1. Got a sec to turn the phi values of region 119-133 into Karplus ³J(HN,Hα) couplings, 6.51 cos²θ - 1.76 cosθ + 1.60 with θ = phi - 60°, whole Hz, x for Gly and Pro?
2. Assuming R0 = 41 Å, can you tell me the calculated FRET efficiency for the pair Asp53 and Lys187, based on Cβ-Cβ distance, to the nearest 0.05?
3. Out of residues 5 or more away from Thr89 or on other chains, whose amide H comes under 5 Å of its own, with H placed 1.01 Å from N in the peptide plane?
4. Picking from Met180, Ala221, Tyr170, whose Cα lies most toward the positive end of the charge dipole for region 166-223 (charges on Cβ: Lys, Arg +1; Asp, Glu -1)?
5. Show the residues, 5+ positions off or on another chain, whose built amide H is closer than 5 Å to the amide H of Asn57.
6. Please work out the Kirkwood hydrodynamic radius for region 26-137, using every pair of different C-alpha atoms, and report it in angstroms with one decimal place.
7. If a/c stays under 1.5 just call it rounded; otherwise compare a/b with b/c (prolate if a/b is bigger, oblate if not). Do that for region 166-223, with a ≥ b ≥ c from the square roots of the Cα gyration tensor eigenvalues.
8. Rounded to whole Hz and in sequence order, give me ³J(HN,Hα) for region 65-75 from the Karplus expression 6.51 cos²θ - 1.76 cosθ + 1.60, θ = phi - 60°, writing x for Gly and Pro.
Amino acid sequence: MRTKLCSTAALAAATMFAGIGAAQSIEERLESASPETGENLYRQCLACHTIDDGGANRVGPNLFGVVGRSIASVDGFRYSSGMQELEETWTPERLDAFLENPRDYVPGTRMSFRGLNEPADRAAVIAYLNSQSDAPQEFSSGEAETIEDSAATEEDFGQMFMADGVDVTYYTCTACHSEMIVVQQGKTRDGWDYLLDWMVEDQGMAEIEPTDREIILDYLAENYNTDRPNFPSR
């Protein structure tokens, strides 16, 4: 009985603290958000968005300086009517809501990204986006800036096998697909290389940076070859 009561109390405490974390405002989350963590998460966006100053538009617009920028304002990019109708600026609050569920926030958006469920992940991405600017906004106090990235939650790569290159592969592929689409397949390195070419040439995926492409091919050829050594059992 004592063990059961303790377990119940522990569960209640965990639920309470989880609720507190989920209820934090974006301002509170940004005080301890890690741009380094956000940079890793941003790999999901690289297939569609450049973020360097003067970078080209891809499937989506260039995101350099996006925090504080007028919505739908990048020259030369054709925005959806829903995005054009916002007529606002990309504040952290709006970015937070958009990144949680793009299609709910902007009905009719052509952005296919499924969104980031975790509030801390969204704050980290916004912190990274903010760092890629000529005039980044000040989000954190001096004390909060000393928080180390090690305090960030452990990254979850779903069903993908933990090995060198899993992070680059996961973030690149899950920008458009569930990782299950990847792990259920088995191909030679040449087969994976051909598939990436097909996705770029026939499916409209943006080119992958050469260094990242090599990392992805090495990872897939080692862990999801024709014998599918790491095919998930569940």
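Just so you know, all these numbers are worked out from the coordinates, no wet-lab data involved. Since we're looking at a predicted model, the values are computed, not measured. For neighbour counting, all protein chains shown are included, and Cβ atoms are generated from backbone atoms with ideal geometry for every residue, glycine included.
1. Taking θ as phi minus 60°, the curve returns x, 5, 5, 5, 5, 5, 5, 5, 4, 5, 4, 5, 6, 9, 7 Hz for region 119-133.
2. Once rounded, the FRET efficiency stands at 0.65.
3. Ile71
4. Met180
5. Amide H neighbours of Asn57, under 5 Å, 5+ apart: Asn62.
6. This gives a value of 14.0 Å.
7. Judged from the Cα gyration tensor, region 166-223 comes out rounded (a/c under 1.5).
8. Whole-Hz 3J(HN,Hα) from phi for region 65-75: x, 5, 5, x, 7, 4, 5, 6, 10, 7, 4.
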